[in-house]
Amino acid sequence: MPDSIGYAQAAIWFLGTILEVAVVVCAVTRHSFRRYLCLNLYMFFSFLVSVGRYQALSHFGLRSSEYKFVYYYSDAVLTIFLYLALITLYLHVFDEMKVEKYVRLAAVILLAGTALFSYGVVQQSQHRMLTSFVYELSQNLYFVGLVLTYLLWGAILKLRETRTQLIQLVLSLGVYFSAFAATFALENMFPKLESVTYIAPVFGCLLPLAWAYAFWRFPHDARMSTARLAMVPR
């Protein structure tokens, strides 16, 4: 296994970094930055993390403990940010029901419960327990995010939400969580399958691409007809 990434991986990393910047630029241009502040902050920090990981990779190498430390801990932080971004989408969907404080309370309890569950899974491990914890936390939060996104999509259909931009953001997040949940499953089933290392970065490009498209293509006040919404696969 080489101690540096190949040309294909470097190209995917560069594409993903450019798309992360594009999300923020499109949101600012279309006056949606503050409306979806947490989503845009996630993309901004994701860009910073991409740059930081590249610096760690350049200085220490792909197989170094320093790079693994930077990768796993930054991934845990970004996953928490993405979880919070998902919760803000809940707030947008339920904004007319005045249940913001209940949504926030449930989000905090669920995040704390996921963290405690992750700790319980790895507490018997004496070898690099803290690194195992952040990896387990990231993995569990992806599955929690997947379930919450599909529940949110069910609420969108039930409430007949028609804001096109919001619907596109939720749909793309559902695809993203589904893709990464599948990636984690493949890693657990086939830990020596090297092609999995290419899958995650490719999937990582999908979310910023979809969000940039949503911000650029659809004004925040655009509405989708209920007939079209009913035709979207459930």
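Throughout, read-outs are computed from the coordinates displayed, never taken from laboratory work. Computed from a predicted model, the values in this text were never measured in an experiment. Positions of Cβ are generated from backbone atoms using ideal geometry, with glycine treated the same way; all protein chains shown enter the neighbour counts.
GNM remark for the chain: springs join alpha carbons under 10 Å apart, and the peak mean-square fluctuation among His59, His92, His220 falls on His59.
Extension gain, Trp216-Leu15: 0.36 nm per intervening residue step, less the Cα-Cα distance, totals 70.6 nm. Among Glu136, Glu161, Glu66, the residue with the largest mean-square fluctuation in a Gaussian network model of the chain, with springs joining Cα atoms closer than 10 Å, is Glu66.
Between amide H atoms placed 1.01 Å from N, distances below 5 Å from Arg223 occur with Thr164, all of them 5 or more places distant or on a separate chain.
Under the rule of -39500 (n - 2.57) per DSSP H run of 4 or more residues, summed and divided by the residues of the chain, what mean residue ellipticity at 222 nm is obtained, to the nearest 500 deg cm²/dmol?
Calculated mean residue ellipticity at 222 nm is -27500 deg cm²/dmol.
When only the Cβ of Lys, Arg, Asp and Glu is charged (+1, +1, -1, -1), the dipole of the chain relative to its Cα centre reaches about 640 debye. How about Lys158: which aspartates and glutamates have a C-alpha closer than 18 Å to its C-alpha, ignoring those fewer than 8 places off in the same chain? Result set, ordered by chain and number: Asp95, Glu96.
Among Ser58, Ser178, sorting on how many other beta-carbon atoms sit within 10 Å of each Cβ, with the fewest leading, yields Ser58, Ser178.
Over the chain, what number does the Rg to Rh ratio reach, with both radii from the alpha-carbon atoms and Rh per Kirkwood? When Rh is taken as the Kirkwood radius, the ratio is 0.98. Axis angle, to the nearest 10 degrees, between helix 129-159 and the longest C-alpha principal axis of the chain: 20 degrees.
For the chain, the longest principal axis of the Cα atoms and the long axis of helix 7-29 meet at an angle of about 30 degrees. Of the residues Asp95, Asp75, the one with the fewest other Cβ atoms within 10 Å heads the list, and the complete ranking is Asp95, Asp75. Segment Leu151..Val121, full-extension length gain: 8.2 nm, with 0.36 nm per residue of separation and the alpha-carbon distance subtracted. Computed from Cα positions, the angle between helix 65-93 and the longest principal axis of the chain comes to roughly 10 degrees.
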